[in-house]
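Inspection log for the structure reproduced underneath, given as structure tokens.
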Amino acid sequence: ASTGGGGAPGVLSVLDQCVVQTLTSSGDLELLGAQPGEGPAAALVRRVTGKGAGEFPPRALNLVLSEVQRQAGNIAFSVLNSNVAEVGASASGASGGYWSLCDFLCPLLNNLDAELYAGAYSTAVTSFEGVGMELALQDASVTVPLFMDFALPRLQTGISLSGDKLGYAMRIFTAHLGDAQGATGSTLRLAALRKLQAALGDGDLFLKCLSYVCSLESEFSEDLMDLYLYYAIVGLSSPKPTLRAAAAAMVPAIIRGHPSTAASLLPRVRALIGSDRWWQTQAQLVLACTTFLKSDVDGSSSSLQSTQELAWSILFETLTPRAGVGVRQLGVGELAELTQGGESARKSARLLVDLAVSLPHEARAQILKRGGSVTLPGGQLSFALPGEVWDPLRVAQAVADKVLNRGATGDVNPAETMSSGLVAVLSAAIQAGAGVGAAEDMPGEILLDDAYLEVYNDLKDHLFVAICDAECVDAALGVMRNLLLHSGLQADVLREPRLQGILRLLFPLPSTGIVPDEVCQARLESFLAHVLSLGDPWAGAVYEQVDAFEANFPQIGLRSRLA
């Protein structure tokens with residue numbers, strides 16, 4: 001294997017070793033099909049980007065790139081020590097090793113089928129980031145020049161055509177900047193951004209790149225903030241929708257770093273509500289407002305109050321049923337944290353409920369599940385599922401307020417009935433309040449306090465009716481199950497007189513002419529049978545209801561059906 005200065009292995013040698021060792025271990029080495037004179041790393045790039053690329057298993061490629069990621073420190077060391085003894089200058093010597101790295105990774109980022117090799121594509125980006133960060137740690141003076149001279153020219157065509165590739169390239173660029181803080185770090189970043197602007201030679205493309213870099217910043221110096229603020233203001237007034245969206249994407253990051261800028265930025269953002277309906281721009285309006293409302297801003301001045309009112313006004317104007325599904329999903333995710341406390345918690349919960357109810361069934365189900373996150377189309381925006389961060393009691397109370405038309409204003413649409421969406425949101429909130437993955441895990445343990453019982457008492461008539469609706473039955477029985485097992489009511493949930501009426505509707509006599517919904521009938525039957533299996537006191541309450549029903553309708557044979 002070739003070596004660099006000081007006995008360090010050459011970059012190409014490290015990459016070849018990653019390929020050979022990984023594919024040998026996985027049993028896929030014979031699939032490489034290296035041609036005469038072709039190294040393992042070059043052969044792999046050809047196999048996955050050339051003709052017949054789909055024949056090479058994505059799993060094997062991902063394993064190789066994961067190994068490259070683990071070797072990031074060694075690769076960076078090899079880059080910086082390539083042929084140092086021969087050329088006598090680390091920067092000049094580094095170029096050869098970095099060129100070898102780009103020969104391997106840039107064709108993957110440019111030509112790899114991102115759908116077929118989705119996991120591997122992401123790992124390739126992360127591997128390049130890892131090497132960039134290691135280079136910045138070992139010698140920050142050469143990292144940006146190396147990226148500008150060798151990586152950017154090979155990635156530029158891709159980033160000009162694809163927003164996704166632009167975002168990935170800026171992640172890699174930002175990794176090469178390192179994490180130097182203070183005046184030195186600020187000076188280095190500003191210099192790097194000026195070099196990026198000069199290298200791109202395209203003002204529009206630079207603004208889009210700057211938008212990504214801004215969103216990746218963990219903190220801003222005053223100089224950096226001024227730079228981002230200037231380009232955000234310029235971009236927000238652009239006639240081009242893509243540039244307005246890029247500029248709008250900078251606003252949440254700027255406000256996060258300097259909340260005081262919201263007073264000047266939010267009025268400019270509001271101007272986009274009517275003029276720019278592109279979903280990515282609308283999503284950034286939501287993020288700008290919720291970022292400000294979540295920020296720790298001291299004081300109670302009239303100016304602060306006015307900015308907060310403006311943020312809420314923008315949210316209510318943006319987050320309507322006419323907004324895109326992804327924008328409404330994002331709104332639910334962002335509002336969830338705002339339900340946790342403060343003066344605006346009730347308003348946040350009510351708007352959250354309105355948005356969740358307005359979503360199509362599948363989109364609503366996606367955000368009401370527990371655990372994980374949601375990534376919107378394009379992969380640029382993601383958020384934690386609301387059940388991880390919301391105040392479940394406040395959300396449950398907001399459902400009750402909406403159903404009963406309490407505290408309604410012009411900003412909300414009161415419900416006359418308990419729709420499937422409202423039952424689903426209530427069920428998710430009650431489940432989150434109980435805090436358990438499966439309600440049977442700890443039957444009898446009181447996890448829902450009396451405030452949840454107030455919500456139940458407000459809505460129980462609606463919930464029992466929902467059992468007879470095929471679109472609502474599962475969520476309605478989910479609420480019942482958690483209250484049955486984890487509230488102070490315990491078995492009394494099943495002693496409700498209203499349940500007799502539901503049984504008559506779902507298990508009617510033929511002479512009544514009532515045609516029961518078979519789905520609801522089966523779900524209730526399964527629910528009651530399961531409760532019987534839990535034993536007393538729950539089983540006793542079920543038998544009380546069944547016996548009362550059979551006393552009037554013995555011919556239905558409900559007890560034997562449940563057995």
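The values are calculated or read from the model by the stated rules, or taken from the named source; none is laboratory data. Not measured: the values here are computed from a predicted model. Note: ideal-geometry Cβ built from the backbone for every residue, glycine included; neighbour counts use all protein chains shown. Keep in mind that these areas ignore ligands, DNA and RNA; they rest on the heavy atoms of the full protein, side chains included. Shrake-Rupley method; radii C 1.70, N 1.55, O 1.52, S 1.80 Å.
Let me confirm something: among 232, 263, 245, which residue is under 20 Å from the mean Cα position of the chain (by Cα) and surrounded by 14 or more Cβ atoms within 10 Å (Cβ to Cβ)?
On the way: 232 fails: under 20 Å from the mean Cα position of the chain (by Cα); 263 fails: under 20 Å from the mean Cα position of the chain (by Cα).
None of the others qualify; the one that does is 245.
Under 28 Å from the mean Cα position of the chain (by Cα), of a type in the set (A, V, I, L, M, F, W, C) and farther than 17 Å from residue 125 by Cβ: which single residue out of 210, 177 fits that description? Even if it seems obvious, please write down each step before you answer.
On the way: 177 fails: farther than 17 Å from residue 125 by Cβ.
Being under 28 Å from the mean Cα position of the chain (by Cα), of a type in the set (A, V, I, L, M, F, W, C) and farther than 17 Å from residue 125 by Cβ holds for just one of 210, 177, which is 210.
Within the bounds of region 297-316, is there any residue that is among the hydrophobic types (A, V, I, L, M, F, W, C) and within 21 Å of residue 217 (Cα to Cα)?
Kept after step one, since they are among the hydrophobic types (A, V, I, L, M, F, W, C), are these residues of region 297-316: 297, 304, 310-312, 314-316.
After this cut, where a residue has to be within 21 Å of residue 217 (Cα to Cα) as well, the list is 297.
Yes, region 297-316 contains at least one residue that is among the hydrophobic types (A, V, I, L, M, F, W, C) and within 21 Å of residue 217 (Cα to Cα).
I need the full set of residues from region 119-138 which are more than 12 Å from residue 65 (Cβ to Cβ) and either touching a Pro at 6+ places or on another chain (Cβ under 7 Å) or open to solvent by 40 Å² or more (accessible area, probe 1.4 Å) (or both), in order please.
133, 134, 137, 138
Scanning for something aliphatic (A, V, I, L, M) and open to solvent by 20 Å² or more (accessible area, probe 1.4 Å), does region 296-303 turn up at least one residue? Explain how you work it out, then say what you get.
Of region 296-303, the ones aliphatic (A, V, I, L, M) are 297.
Filter once more, so that each one left must be open to solvent by 20 Å² or more (accessible area, probe 1.4 Å): 297.
Yes, the conditions are met somewhere in region 296-303.
Mind checking which residues of region 18-36 are over 22 Å from residue 75 (Cα atoms) and not aliphatic (A, V, I, L, M)?
Within region 18-36, 26, 27, 28, 30, 33, 35, 36 qualify.
Can you tell me which residue among 170, 148 is within 28 Å of residue 105 (Cβ to Cβ), open to solvent by less than 10 Å² (accessible area, probe 1.4 Å) and out of contact with any strand residue (DSSP E or B) (no Cβ under 9 Å at 6 or more places or on another chain)? Give the derivation first.
Values: 148 fails: open to solvent by less than 10 Å² (accessible area, probe 1.4 Å).
Answer to the selection: 170.
Considering only region 361-395, state which residues are among the hydrophobic types (A, V, I, L, M, F, W, C) and part of a helix (DSSP H, G or I).
The initial filter retains those residues of region 361-395 that are among the hydrophobic types (A, V, I, L, M, F, W, C), namely 363, 365, 367-368, 374, 376, 381, 383-385, 389-390, 393, 395.
Those that are among the hydrophobic types (A, V, I, L, M, F, W, C) and part of a helix (DSSP H, G or I): 363, 365, 367, 368, 393, 395.
Being under 18 Å from residue 170 (Cα atoms), open to solvent by less than 40 Å² (accessible area, probe 1.4 Å) and either aliphatic (A, V, I, L, M) or at pLDDT below 90 (or both): is that true of residue 254 here? Spell out how you get there, then give the answer.
Numbers: under 18 Å from residue 170 (Cα atoms): yes; open to solvent by less than 40 Å² (accessible area, probe 1.4 Å): yes; either aliphatic (A, V, I, L, M) or at pLDDT below 90 (or both): yes.
Taking the combined requirement at face value, the residue satisfies it.
Which of the residues belonging to region 317-339 are touching a Lys or Arg at 6+ places or on another chain (Cβ under 9 Å), open to solvent by 20 Å² or more (accessible area, probe 1.4 Å) and part of a helix (DSSP H, G or I)?
Across region 317-339, the qualifying residues are 317, 334, 337.
Condition (residue is part of a helix (DSSP H, G or I) and on the phi > 0 side of the Ramachandran plot) applied to region 519-529: is it met by at least one residue? Even if it seems obvious, please write down each step before you answer.
Kept after step one, since they are part of a helix (DSSP H, G or I), are these residues of region 519-529: 519-529.
Among the residues that remain, those that are also on the phi > 0 side of the Ramachandran plot are: none.
Among the residues of region 519-529, not one is part of a helix (DSSP H, G or I) and on the phi > 0 side of the Ramachandran plot, which makes the answer no.
Can you find a residue that is exposed (fewer than 11 other Cβ atoms within 10 Å of the Cβ) and among the acidic types (Asp, Glu) anywhere in region 32-47? Give the derivation first.
Just the residues of region 32-47 that are exposed (fewer than 11 other Cβ atoms within 10 Å of the Cβ), to begin with: 35-37.
Applying the additional criterion that residues be among the acidic types (Asp, Glu) yields none.
No, because not a single residue in region 32-47 is exposed (fewer than 11 other Cβ atoms within 10 Å of the Cβ) and among the acidic types (Asp, Glu).
Please identify the pairs in which a residue from region 494-513 that is open to solvent by 80 Å² or more (accessible area, probe 1.4 Å) has its Cβ atom under 7 Å from the Cβ atom of a residue that is among the acidic types (Asp, Glu), counting only partners at least 6 apart or on another chain.
Taking only residues 6 or more apart or on different chains, the pairs are 495/544; 498/461.
How about region 66-106: which of its residues are touching a Leu at 6+ places or on another chain (Cβ under 9 Å), at pLDDT below 70 and open to solvent by 20 Å² or more (accessible area, probe 1.4 Å)?
Selection gives 90, 91.
Read through the list (1) in a helix (DSSP H, G or I); (2) free of Cβ contacts under 8 Å to residues at least 12 places away in the same chain, then give the number of the only condition that residue 535 fails.
(1)
Looking only at region 515-543, filter to residues that are farther than 18 Å from residue 481 by Cβ and open to solvent by less than 70 Å² (accessible area, probe 1.4 Å); which one of those is nearest to the chain's Cα centre (by Cα)?
Once the filter is applied, the top-ranked residue is 517.
Which one of these does residue 495 not meet: (1) closer than 22 Å to residue 393 by Cα; (2) of a type in the set (Lys, Arg); (3) touching a helix residue (DSSP H, G or I) at 6+ places or on another chain (Cβ under 6 Å)?
It is condition (1) that residue 495 fails.
Can you name every residue in region 548-563 that is modelled with pLDDT under 80 and open to solvent by less than 40 Å² (accessible area, probe 1.4 Å)?
556, 557, 558, 562
Just give me the residues in region 494-510 being touching a Lys or Arg at 6+ places or on another chain (Cβ under 9 Å) and of a type in the set (D, E, K, R), in sequence order.
Of everything in region 494-510, those that are touching a Lys or Arg at 6+ places or on another chain (Cβ under 9 Å) and of a type in the set (D, E, K, R) turn out to be 496, 498.
Name the one entry in 458, 492, 474, 469 that is within 43 Å of the chain's Cα centre (by Cα), not aromatic (Phe, Trp, Tyr) and not in a helix (DSSP H, G or I). Spell out how you get there, then give the answer.
Working: 458 fails: not in a helix (DSSP H, G or I); 492 fails: not in a helix (DSSP H, G or I); 474 fails: not in a helix (DSSP H, G or I).
Exactly one of 458, 492, 474, 469 is within 43 Å of the chain's Cα centre (by Cα), not aromatic (Phe, Trp, Tyr) and not in a helix (DSSP H, G or I), namely 469.
Filter region 236-251 for residues that are out of contact with any Asp or Glu (no Cβ under 9 Å at 6 or more places or on another chain) and assigned to a helix (DSSP H, G or I); which is farthest from residue 172 (Cα to Cα)? Steps first, answer last, please.
Of region 236-251, the ones out of contact with any Asp or Glu (no Cβ under 9 Å at 6 or more places or on another chain) are 236-237, 239, 247, 249-251.
Narrowing the set further to residues that are assigned to a helix (DSSP H, G or I) leaves 236, 247, 249-251.
Details: 236: 26, 247: 21, 249: 19, 250: 18, 251: 22 Å.
The residue in question is 236.
Among the numbered conditions (1) of a type in the set (Ser, Thr, Tyr); (2) out of contact with any Phe, Trp or Tyr (no Cβ under 9 Å at 6 or more places or on another chain); (3) under 30 Å from residue 262 (Cα atoms), tell me where residue 211 comes up short.
(2)
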